[in-house]
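S.K.: Quick one: the structure is below, and I'll ask about it shortly.
The values are calculated or read from the model by the stated rules, or taken from the named source; none is laboratory data. Keep in mind that this is a model prediction, so the values were computed, not measured. Every residue, glycine as well, gets a Cβ built from its backbone with ideal geometry; the counts of neighbours run over all protein chains shown.
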Amino acid sequence: MQARDVKGSLRALLWDVDGTLAETELDGHRIAFNRAFAQQGLPWQWDRSTYIELLAISGGRERLRWFLQRQRQQGGEPEASLLDALHQAKQAHYRELVVAGEVQLRPGVRRLIKAAAAAGLQQAIVTTSGREAVAALLENQLRDQSRLLPLRICADDVGAKKPDPEAYVLALQRLGLDPGQAVALEDSQAGLAAATAAGLRCLVTLSTASSQDSASLFRAASSLTDGLGEPTAPIRVLRGPACAGGLITLSYLEQLPPVP
């Protein structure tokens, strides 16, 4: 299908998941990890500030491995059985949270996905999350629109996670597009680094977790905002082109400047 409503080179939107589609990190993954610790009879609890620091490590399993390594008195790799048990329990608890409606889409996400589909743009998921966690969110919070995101590049599909650009490069290859024909939507420094390294324009929509970071850390973003916006909840642009009406639209994304 050819894009009908968007002029110019924009042909695809590439969506990050955690923090971009929904506030999954603090309200979902963190709580799921804590429940997994409790299930295993372990004394650890990650508060919000601790988890924000841990987000510097891409990937939930990698985050957990790093933490377990530091709990061992002599360092070294944690027991594989404990790592596996905790990660599996965490995945189950995360799905329960999503199914229960504890993790909600961010404002403007559904609106923009539907607008892109109506304009004939391709859309894909590009994330460091596992396929199971992605499916849980899409099936429960984007049930009617999940078919509009048929291509899903997840942690299972690549050898290196963000900030490595491998996932974005793979997405572009599978879509048959050049970097200049797509825009990545991200919320984190690692996501921004991955997108720009792949040659993509990137809109960074700060999440609860990444809003703690200095705006100067997102200089490479084509636009930096505090959301995507709804008619009743306009957003602020912190860096980049002015946004008429406080809503991120396809026309706005089309005019974003290219990667330097």
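S.K.: Could you check how many residues of segment 45-69 are in contact with a helix residue (DSSP H, G or I) (Cβ under 7 Å, 6 or more places away or on another chain), closer than 14 Å to A209 by Cα and of a type in the set (A, V, I, L, M)?
M.R.: Of the residues in that region, 4 qualify.
S.K.: Go through segment 44-83 and report how many residues are farther than 24 Å from G159 by Cβ and either among the charged types (D, E, K, R) or modelled with pLDDT under 90 (or both). Steps first, answer last, please.
M.R.: Within segment 44-83, the first condition is being farther than 24 Å from G159 by Cβ, and the residues that meet it are 44-53, 70-75, 79, 81-82.
Still in the list and also either among the charged types (D, E, K, R) or modelled with pLDDT under 90 (or both): 47-48, 53, 70-75, 79.
Qualifying residue count, segment 44-83: 10.
S.K.: Let me ask you something else. Considering only residues that are touching a residue at least 60 places away in the same chain (Cβ under 8 Å), β-branched (V, I, T) and under 15 Å from L206 (Cα atoms), which ones fall in segment 219-258?
M.R.: Residues satisfying the conditions are I235, I248.
S.K.: Taking into account only those residues within segment 82-104 that are surrounded by fewer than 17 Cβ atoms within 10 Å (Cβ to Cβ) and outside any helix (DSSP H, G or I), which is nearest to the chain's Cα centre (by Cα)?
M.R.: Q104
S.K.: On to the next question. Under the condition of being part of a loop (DSSP other than H, G, I, E, B) and touching a Phe, Trp or Tyr at 6+ places or on another chain (Cβ under 9 Å), which residue from segment 191-239 is surrounded by the fewest Cβ atoms within 10 Å (Cβ to Cβ)?
M.R.: G199
S.K.: Something else about it: For E79, work out the one condition from (1) surrounded by fewer than 21 Cβ atoms within 10 Å (Cβ to Cβ); (2) in contact (Cβ under 8 Å) with a residue 60 or more places away in the chain; (3) more than 30 Å from A198 (Cα to Cα) it doesn't fulfil.
M.R.: The one condition E79 does not meet is (2).
S.K.: Something else: Looking at A215, A209, A160, A195, which is the one that is under 25 Å from G130 (Cα atoms) and at pLDDT below 95?
M.R.: Details: A215 fails: under 25 Å from G130 (Cα atoms); A160 fails: at pLDDT below 95; A195 fails: at pLDDT below 95.
Selected residue: A209, the only one of A215, A209, A160, A195 that is under 25 Å from G130 (Cα atoms) and at pLDDT below 95.
S.K.: Given the conditions (1) in contact with a Lys or Arg (Cβ under 9 Å, 6 or more places away or on another chain); (2) of a type in the set (V, I, T); (3) part of a helix (DSSP H, G or I); (4) surrounded by 21 or more Cβ atoms within 10 Å (Cβ to Cβ), which single one is not true for T20?
M.R.: Here T20 clears every test but (3).
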